[in-house]
Structures are given as C-alpha cells and as structure tokens.
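Visitor: Below: one structure in structure tokens.
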Amino acid sequence: MTVSCLHQEWKDIELKWDTSVYQYDTVVLPVNSIWTPELHVTNGILTTMKHSSHDLLVYSNGTVKHMVIINAEVNCEVNLFNYPFAADECPVAIQAWSIDECGTELLLGDVWMVDSTHGDWETVNVELLKKRTDRNYILVSLKIKYLNPFLTLMLPSILLILTDVVSFALPLGGGERNSFKVTLVLSFTMFLIILNDKLPGDSNCSPIIRPHFCICLALLVLSMLVSLVLTRVAKDGGLIFCCMSKGSTCGSRGNKEEKEDEEDKADIAVTQLDASDSQILRKVVYFLETLDAKELKIAKSQEFANRVDKIFFCC
C-alpha cells in the first residue's frame, strides 16, 4: 500500500480576473465547482484519489493550488531471499490523462517522505525518475524491520541449538539426556509446523531462513541419535541387537555351567576329603573374577563413549 500526498498546481485561464476590477489577489472556491486534474498510478492494482480539503485556492492569474491524497496498492516483486534482512526497491508510476498530445502534462517537483514506517516494512528513500516522456516514476526503497522477525523466528531456533549443546553436560547414563533431547526435537518440530504458513516466499523465491530451520532440525535429530547410540555403547560396550545379545548371554551361561562341572570334577579327582569346601572357594573366586572383568569392561565402554561424546560436542 502506497499513500501519497500531492500538492497540485495548474493554470486555468478561465478562472483569471482583472485585479483592477476585482481587488482581490486570491479567492477560495469549492473543489466541486471547478475542473481538477485526475492522476493515475499505472502499475497499481487498486488506486483511489480523494481531495484533502473541500476548498482550493485560486489566484488572479488563473493559478490553482490544491492537495490530493492517493492510496494505491502497487504490485512489486520483492526479493525475500535474505528474509528477515530483506530490502528492495518498488517503482510507482504516476501519470495524468493524455491521448495524442491532448490532455494534461504532469510535471513533478520535489519528492520527500512523510511517514517512513508502516507495519513490518520501513521506507528508506524515495527518488523521482523519469524513464518516459509521458510517465513519472517514484522509486521507493523498502526494507523489513528485522527486529520483530529475528526475535520471533531466528532467536528461538538459536536458543534451542544452544540448549542442545549445553545438554551434553548431562551424564549418558540414567536416560535424562535422551529424554531432554527428544523433548527438544519435538518442540522444534511443533515450532516449524506453526510457522509453515507464516513464512513468506514460494517455490520461486524461497527465503534462506527455511534452509536455516532445516539445518537446525537436522542438527537436533543428529545430536539425539548420537546420544542414544552412545548410551547403548556405554551400557553394553557395542551396537548389538537384543536378539544377538540374548543368544550370547545363553551361550555364556552354558560355558559357565560346563566350566563349573569341570572344576567340580577336578576337585573330586585331586582330593575327596575337602570337596565341598574347595567347590565353594572356587565358586567365590570365579564370581569375583567375573565381576572384576565385567566392571573393567563397563569402565572401558564408558570411557570410550565419553571420549566419542566429547569429540561430537567439540564438533
């Protein structure tokens, strides 16, 4: 929407008078009682012109001064690739009625801004251009006030990424980190669903903020997956499926029973007097060795997972 206040000045020879007969240099007449020039915005979708006052000023030499207000909706292609830091120029073509050198010739003087702020857009500069003899162009430089889109669009995504980075301070065990990262991913997904219809641009001119959101979502999902994998590595020492881990558990149990039977047979063959005491002692020793080996394995797995976690955090 373009709002222009035009100060018009033209000469009407039928309105001049002799000051010796009528001793008045100026008179005020109703605007509906005389002819007034009509202006058009040729590249406007909808244009309305109304008088700023019901009266106008007429001089003795036939000069008429008046002011009109033009409201025009202009169709301009604005480059929104750098949204919310977009800026572009919009030409506004103004002309008067003229056909075959018969009509009104429009001569524009100085052009200045009256109100530079309107909604999310701000007028930076206006400049008068004349590319054709019958048409004048007012080049309007526009830019988006980036503070509001930055606070409502970019800042939440940056804070979510920062929160995800700080969440690496949570321990891998216990599941607190995984739950927190899943919550972040779901929250950002809902945020994108809400903003899907609010973001400007289409397939021909897609703003760069859309890839920004896609990259943020990909980073959040990648961080969540890495955290889940490292939690499994820290607990079991490897990426083994449940069915394979169960089979290995059954095999270890069978080997354990066979080893206990061999130990029992060896005890009986060596001595028959203290068989029960020797069996109990060997079971205790085997249990302690197995427990130490398991704790060592878990410690190595946690150390490896923490090392990979620190590397991913640095990346």
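Visitor: To one decimal place, what orientation-averaged projected area in nm² is obtained for the convex hull of the Cα set of the range 1-87?
Guide: Approximately 7.5 nm², given one-decimal rounding.
Visitor: At a probe radius of 1.4 Å, what is the per-residue accessible area of F81, in Å² to the nearest 10?
Guide: In the full protein context, F81 sits at about 100 Å².
Visitor: Here is a further query. Give me the net charge for the shell around K181: Cβ to Cβ below 15 angstrom, other residues only, Lys and Arg +1, Asp and Glu -1.
Guide: Here the charged neighbours net out to -1.
Visitor: Shifting gears a bit: Say R0 is 30 Å: what FRET efficiency, to the nearest 0.05, do I69 and T152 get from their beta-carbon distance?
Guide: 0.35
Visitor: Averaging over all projection directions, find the projected area of the Cα convex hull of the range 62-108 and quote it in nm² with one decimal place.
Guide: Average projection, Cα convex hull of the range 62-108: 5.8 nm².
Visitor: Check Q8: other-chain or 5+ apart residues with amide H under 5 Å from its amide H, H built from backbone geometry?
Guide: H66, M67, V68
Visitor: I'd like the accessible area for M67, computed on protein heavy atoms only with a 1.4 Å probe and all protein chains in place. Round to 10 Å², please.
Guide: Accessible surface of M67 is approximately 60 Å².
Visitor: Which order do you get for V284, V308 if you rank them by accessible area with a 1.4 Å probe, largest at the top?
Guide: Reading off the accessible areas and sorting them downward yields V284, V308.
Visitor: In addition: Kindly sort M224, M190, M113 by accessible area of their heavy atoms, largest first, with the probe set to 1.4 Å.
Guide: M190, M113, M224
Visitor: With every protein chain present, what accessible area does K143 have (1.4 Å probe, heavy atoms only), rounded to the nearest 10 Å²?
Guide: K143 exposes around 80 Å² with every protein chain in place.
The values are calculated or read from the model by the stated rules, or taken from the named source; none is laboratory data. Just so we're clear, the structure is a prediction, and the values are computed from it rather than from any experiment. Methodologically, a virtual Cβ is constructed for each residue, glycine included, from the backbone with ideal geometry; neighbour enumeration extends over all protein chains shown. Surface accessibility is based on the protein's heavy atoms, side chains included, excluding ligands, DNA and RNA. Shrake-Rupley method; radii C 1.70, N 1.55, O 1.52, S 1.80 Å.
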